[in-house]
1. Take region 117-136 and flag every residue that is closer than 17 Å to residue 76 by Cα, in a strand (DSSP E or B) and touching a residue at least 24 places away in the same chain (Cβ under 8 Å).
2. Surrounded by 12 or more Cβ atoms within 10 Å (Cβ to Cβ) and either at pLDDT 90 or above or over 18 Å from residue 119 (Cβ atoms) (or both), is that true of residue 104?
3. Taking the options 48, 64, 58, name whichever one is in a loop (DSSP other than H, G, I, E, B), modelled with pLDDT of 95 or more and within 22 Å of residue 13 (Cα to Cα).
4. What's the number of the condition residue 88 fails, among (1) on the phi < 0 side of the Ramachandran plot; (2) at pLDDT 90 or above; (3) in a loop (DSSP other than H, G, I, E, B)?
5. Give 14, 41 a once-over and let me know the one that is within 15 Å of the chain's Cα centre (by Cα) and either at pLDDT 95 or above or under 23 Å from residue 131 (Cβ atoms) (or both).
6. Can you name the residue in region 17-34 that is in contact with a helix residue (DSSP H, G or I) (Cβ under 8 Å, 6 or more places away or on another chain) and modelled with pLDDT under 95 and is also surrounded by the most Cβ atoms within 10 Å (Cβ to Cβ) among such residues?
7. Between 123, 96, which is at pLDDT below 95 and in contact with a helix residue (DSSP H, G or I) (Cβ under 8 Å, 6 or more places away or on another chain)?
């Protein structure tokens, strides 16, 4: 599931000319975690794509690091100085159906006994998500 989501966004970043780097090693995860991983990756990467669009020196980086039976996901992207100054991250889109991405990612992390954190500093927006006890037994 992670490979499909990452691959789809890699193509989107390529089409938009946004450099995208991935450093990931995700062992087999329990099947019931797939939807939460997909939710987190798709929301975070969509936000990153929108957040760095039009920024000079745009980039998106995805890092996925297994630690024992846990997985740390970090998504970083260039953002505007105005975004860096904001510390409450709400949607900038209008209309119905927007503004649920961060809430969805927090809920997914919580379901996996983990945490979600978002912060912006020095024109870089960062999302950190820890998912706990998610790997399939060997």
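The values are calculated or read from the model by the stated rules, or taken from the named source; none is laboratory data. Quick caveat, the model's predicted, so the values are computed rather than measured. As a convention, Cβ positions derive from the backbone with ideal geometry for all residues, glycine included, and neighbour counts pool all protein chains shown.
1. Result: 118, 119, 120, 121, 124, 125, 126, 127, 128, 129, 130.
2. In short, yes.
3. On the way: 48 fails: in a loop (DSSP other than H, G, I, E, B); 64 fails: in a loop (DSSP other than H, G, I, E, B).
Criteria check complete, one pass: 58.
4. (2)
5. Step by step, each of 14, 41 is checked, and only 41 is within 15 Å of the chain's Cα centre (by Cα) and either at pLDDT 95 or above or under 23 Å from residue 131 (Cβ atoms) (or both).
6. First, pick out the residues of region 17-34 that are in contact with a helix residue (DSSP H, G or I) (Cβ under 8 Å, 6 or more places away or on another chain): 18-20, 22, 24, 26, 29.
Retained after the next criterion (residues that are modelled with pLDDT under 95): 24, 26, 29.
Details: 24: 15, 26: 17, 29: 19.
If we take residues in region 17-34 being in contact with a helix residue (DSSP H, G or I) (Cβ under 8 Å, 6 or more places away or on another chain) and modelled with pLDDT under 95, then 29 is surrounded by the most Cβ atoms within 10 Å (Cβ to Cβ).
7. 123
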